[in-house]
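The values are calculated or read from the model by the stated rules, or taken from the named source; none is laboratory data. In this text the structure is predicted, and so the values were computed from the model without any measurement. Methodologically, a virtual Cβ is constructed for each residue, glycine included, from the backbone with ideal geometry; neighbour enumeration extends over all protein chains shown. Quick note on the areas: whole protein, heavy atoms, side chains included, nothing else; ligands and nucleic acids left out. Shrake-Rupley method; radii C 1.70, N 1.55, O 1.52, S 1.80 Å.
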Amino acid sequence: MTAEKRSFEAEVSRLLEIVAHSLYSEREVFLRELISNASDACDRLRYLALTQPELVAGDAAYRITLAADPAARTLTVADNGIGMNRDELIENLGTIARSGTSAFVRNLSGDQRKDVALIGQFGVGFYSAFMVADRVEVLSRKAGEAEAHLWVSDGKGDYTVEAAQKDSRGTIATLHLKTDATEFTEPARLREIVKRHSDHIALPIVLHEKDKDDTINAASALWLRPKSEITPEQYREFYHHAGHAFDEPWLTIHNKAEGTLEYTSLLFVPSAKPFDLFEPERKHRVKLYVKRVFVTDDCQPLLPAYLRFLKGIVDSEDLPLNVSREMLQSNPMLARMRTQITKRVLGELAKKAKDAPAEYAKFWDNFGAVLKEGLYEERDHRDELLALARFRSTAGDGLVALDEYVARMKPGQKAIYTISGDAPDRAARSPQLEGFRARGVEVLLLTDPVDEFWLPALGAYKDKPFKSATRGAAELDALATDGKDKVEPPKPDAATGSLIALMKLSLGDAVKDVRVSTHLTDSAVCLVADEGDLDMRLERLLRQHQRLDEAAKRILEINPKHPLIARLADLAGKDGAASALGDFAWVLLDQARILEGEQLPDPPAFARRLSDLLAKGLAA
Ligand code: ADP
Ligand code: MG
């Protein structure tokens with residue numbers, strides 16, 4: 001049978017192009033990637049063999065073998081793991097399987113330098129072989145199958161697959177090295193690379209040299225070694241392997257639990273935000289082992305979804321080795337491990353928040369929005385999560401914790417004030433905040449969609465209710481303006497009173513009320529929600545998600561100190577004012593809507609009125 005020629009999926013071709021221009025100094029990491037895959041392949045077979053021992057009959061000694069041939073300029077990486085059949089070769093090496101990755105690659109900027117840096121953060125796994133090789137052959141035979149297949153590619157758009165001969169199960173990757181990559185045939189260089197990047201691999205990595213085999217790594221599970229004997233570099237390399245990660249771990253949590261439950265966990269918080277963190281199918285990437293045997297990397301009951309940024313492993317001594325996926329769904333032991341591990345992780349985060357606030361701020365920017373999901377999805381760790389939560393606020397550029405906010409509350413202030421928006425600086429410019437600023441009252445700026453869910457679910461923090469600044473904050477009137485006495489709720493003078501009456505008449509059903517604002521200092525108008533109504537921005541979000549059909553009516557507040565409003569109030573007392581003021585009322589309402597970020601119900605009418613008023617202004 002001749003070789004069948006096939007094209008890479010478009011995204012793979014794109015990746016390969018970037019790989020070809022990749023970070024030259026770092027290219028030795030290709031070996032780590034191939035070894036990592038070989039180790040995964042052995043792990044997967046070891047688990048299957050628990051129930052199908054015939055799969056490994058005759059050879060249960062898992063290992064990875066490196067062999068170089070300087071004359072032929074080749075390097076091979078061989079394993080006796082699970083292997084791949086024809087379809088798997090095509091699927092695994094010709095397409096991008098992981099959800100999110102394809103979209104990520106499609107959205108790369110096209111700017112080579114930036115793309116290489118980004119990819120460097122996420123890695124290219126198997127394809128990194130093309131950094132050093134101009135041809136890669138993968139000969140593989142799946143455990144339990146008789147046929148083998150050969151996959152060959154020069155990494156330039158297509159590859160071939162054909163039936164082939166292989167005596168035993170597993171995979172051999174042969175790299176035909178580029179002329180400038182001959183260093184990777186030198187035994188000393190290979191030893192050095194394995195020591196640096198792959199020492200933690202729990203299987204023997206054997207270097208085949210002049211008919212002599214030599215194990216060149218420590219070949220024991222890293223997580224079982226005493227912490228004091230593990231270097232930060234070893235932790236990092238383990239993180240890269242186990243987490244399929246390419247960044248630095250931001251936090252490493254290595255812990256041995258002894259007691260009613262016995263297990264070891266080695267968990268990492270990444271320093272870079274994964275691009276698929278908010279993909280609906282995104283799951284945590286913590287691998288479950290039982291007594292050193294890899295069981296699954298999809299054990300969702302092990303951790304709550306709001307910790308899905310974690311990577312690493314958990315190795316249980318108690319779970320039965322033949323544990324099935326179905327059993328994992330409802331295993332009480334797993335539920336207890338989950339509680340303990342969650343506690344431990346939140347505790348370590350709290351420590352970091354206290355000891356290294358600047359570093360913690362980076363973590364919060366990456367994963368805060370995910371962590372906040374825990375505030376409403378589960379109640380078990382609410383207090384710990386609330387203590388970890390940080391916010392931008394009107395008090396400054398830094399992050400503030402709820403306790404700090406409460407400690408800074410003004411005398412007489414009863415609520416924790418919040419305002420929502422797409423971005424902190426936009427939220428901070430909301431006209432509704434003017435009165436809060438004048439009184440020196442801090443307002444939390446909420447910019448994550450998740451805020452609209454946990455806030456209403458919680459309602460209060462330490463007896464202090466959360467309150468949206470867009471809801472007519474009656475309480476604000478009781479608070480003194482900075483340096484001045486308590487402000488009296490304003491009584492509109494007669495002229496302002498007539499203005500309000502005329503505006504109500506013109507606007508009719510479009511607003512719930514028109515009234516004088518106690519809050520505004522600079523803006524002429526703003527919209528607020530009535531005390532009993534939904535927060536305006538929450539309402540908008542719900543409407544965007546079709547969870548709400550109709551918008552509640554708003555209150556239009558006017559600022560009598562603003563020159564425009566003062567001038568209109570003068571006019572309102574005069575005869576025939578009603579018709580003249582109609583257009584003003586509508587333009588002011590639309591202006592308030594724009595400030596609020598709402599859609600104008602009738603933009604042409606707005607434009608016409610505004611042009612008319614401007615024209616009149618010029619004529620006068
Ligand atoms: P990742 O390891 O993150 O899944 P890779 O690009 O490194 O991504 O590998 C892609 C896939 O190819 C792996 O998930 C695996 O299914 C398959 N694969 C690669 N190398 C081997 C191997 N030596 N044995 C078996 N399968 C392999
Ligand atoms: Mg890999």
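For Lys5, go through the lysines and keep the ones whose alpha-carbon is under 20 Å away, minus same-chain ones fewer than eight residues off.
Lys156
Taking 8 Å as the Cα distance limit and 6 or more residues as the minimum spacing, I'd like the relative contact order of segment 224-360 as a percentage.
Reported as a whole number, the value is 21 percent.
For Glu531 and Glu147, compute 0.36 nm times the residue count separating them, minus their Cα-Cα distance, and round to one decimal in nm.
130.9 nm
Where nothing but the Cβ of Lys and Arg (+1) and of Asp and Glu (-1) is charged, how large is the charge dipole of the chain around its Cα centre, in debye to the nearest 20?
1140 debye
Add +1 for every Lys or Arg and -1 for every Asp or Glu among the other residues with Cβ under 14 Å from the Cβ of Arg169, and state the total. Don't jump to the answer; show the numbers that get you there.
Numbers: positive: Arg44, Arg46, Arg63, Arg141, Lys142, Lys166; negative: Glu54, Asp59, Asp79, Glu88, Glu145, Glu147, Asp167.
Once positives and negatives cancel, what remains is -1.
When you have a sec, figure out the Kirkwood radius of segment 494-619 from all distinct Cα pair distances and drop it here in Å to one decimal?
By the Kirkwood definition, the hydrodynamic radius is 15.3 Å.
Based on Cα coordinates alone, diagonalise the gyration tensor for segment 11-57, multiply each eigenvalue by 5, take square roots, and list the semi-axes in whole Å, largest first.
Each semi-axis is √(5λ); the values are 34, 13, 6 Å.
Label Val293 and Lys343 with points 7 Å out from Cα along Cα→Cβ: what is the distance between them in nm?
Placing both labels 7 Å along Cα→Cβ, they lie 3.0 nm apart.
Could you give the nm distance between label points at Ala103 and Leu542, where each point is 7 Å from its Cα heading toward the beta carbon?
So the label points at Ala103 and Leu542 sit 2.6 nm apart.
Using Cα positions and a limit of under 15 Å, work out the aspartates and glutamates in reach of Lys464, with same-chain residues fewer than 8 apart set aside.
Asp383, Asp403, Glu404, Glu442, Glu475
Placing unit charges on C-beta atoms (Lys and Arg positive, Asp and Glu negative, everything else neutral), compute the dipole magnitude of segment 390-478 about its Cα centre in debye, rounded to 20.
240 debye
Exactly which trypsin sites (Lys or Arg not before Pro) in segment 305-380 are in a DSSP loop and have at most 14 other Cβ atoms within 10 Å?
Answer in residue order: Arg379.
What are the ³J(HN,Hα) couplings of segment 226-239, residue after residue, when phi is run through the Karplus curve with 6.51, -1.76, 1.60 and θ = phi - 60°? Round to Hz, x for glycine and proline.
These are the phi-based 3J(HN,Hα) values: x, 3, 5, 9, 9, 8, x, 5, 5, 4, 4, 5, 5, 4 Hz.
Give me the percent of the accessible area of the chain that comes from carbon and sulfur atoms, probe 1.4 Å, all protein chains in place.
Of the solvent-accessible surface of the chain, carbon and sulfur hold 51 percent.
The chain: D in µm²/s via Stokes-Einstein (Kirkwood Rh, Cα pairs, 4 °C, 1.567 mPa s)?
Rounded, D is 45 µm²/s.
Counting other C-beta atoms within 10 Å, and keeping those with at most 15, which DSSP coil trypsin sites (Lys or Arg not before Pro) do you find in segment 42-135?
On the way: sites: Arg44, Arg46, Arg63, Arg73, Arg86, Arg98, Arg106, Arg113, Lys114, Arg135; in loops: Arg63, Arg73, Arg98.
Sites meeting the loop and neighbour criteria: Arg98.
Give me the net charge for the shell around Arg609: Cβ to Cβ below 15 angstrom, other residues only, Lys and Arg +1, Asp and Glu -1. Could you put the intermediate results ahead of the total?
On the way: positive: Arg593, Arg608, Lys616; negative: Asp583, Asp590, Asp602, Asp612.
Summing Lys and Arg as +1 and Asp and Glu as -1 gives -1.
Taking H as built 1.01 Å from N, whose amide H comes closer than 5 Å to the amide H of His254, not counting residues under 5 places away?
Leu267
Hey, what does the equivalent ellipsoid look like for segment 71-199, semi-axes from the Cα gyration tensor as sqrt of 5 times each eigenvalue, largest first, whole Å?
25, 22, 14
With each pseudo-label sitting 7 Å past Cα toward Cβ, what's the Leu564-Lys462 distance in nm, one decimal?
Simple spin-label model gives 4.2 nm for this pair.
Relative to the first principal axis of the alpha-carbon coordinates of the chain, what is the inclination of helix 332-355, with its axis defined by its Cα atoms, in degrees from 0 to 90 and to the nearest 10?
60 degrees
Taking loop as defined by DSSP and a crowding limit of 15 other beta carbons within 10 Å, which GluC sites (Glu not before Pro) in segment 115-199 fit? Before the final figure, lay out each step's value.
Details: sites: Glu137, Glu145, Glu147, Glu162, Glu183, Glu192; in loops: Glu145, Glu147.
Those that pass, being in a loop and sparsely packed, are Glu145, Glu147.
Just the accessible area per residue of the chain, please: how many Å² with a 1.4 Å probe?
Value for the chain: 46 Å² per residue.
So if each residue of separation counts as 0.36 nm, and I subtract the Cα-Cα distance between Met409 and Arg6, what length gain in nm does that give?
Numbers: separation 403, 0.36 × 403 = 145.08 nm, distance 6.65 nm.
Using 0.36 nm per residue and subtracting the Cα-Cα distance, I get 138.4 nm.
If you take the charge dipole of the chain about its Cα centre, with +1 on Lys and Arg Cβ and -1 on Asp and Glu Cβ, which of Thr394, Gly312, Ile230 is farthest toward its positive end?
It is Thr394.
If a/c stays under 1.5 just call it rounded; otherwise compare a/b with b/c (prolate if a/b is bigger, oblate if not). Do that for segment 390-478, with a ≥ b ≥ c from the square roots of the Cα gyration tensor eigenvalues.
Rounded, since a/c falls under 1.5.
Show which aspartates and glutamates lie in cross-link reach of Lys287 when reach means a straight Cα distance below 13 angstrom and same-chain residues fewer than eight apart are skipped.
In chain and number order, the partners are Asp40, Asp43, Asp297, Asp298, Asp315.
Taking all pairs of different Cα atoms in segment 576-620, averaging 1/r and flipping that mean, what Kirkwood radius in angstroms comes out?
Details: mean 1/r = 0.0900 Å⁻¹.
It works out to 11.1 Å.
Given Lys343/Lys372; Lys372/Lys512; Lys311/Lys462; Lys362/Lys467; Lys114/Lys351, which pairs have Cα atoms separated by over 23 Å?
Flagged as over cut-off: Lys372/Lys512; Lys311/Lys462; Lys362/Lys467; Lys114/Lys351.
Which cross-chain or sequence-distant (5 or more) residues have an amide H under 5 Å from the amide H of Thr418, H modelled 1.01 Å from N in plane?
Counting only residues 5 or more places away or on other chains, the set is Leu444, Lys467, Ser468, Ala469.
Under 18 Å from the 7 Å Cα→Cβ point of Leu610, by amide nitrogen: which residues of segment 548-582?
564-565, 582
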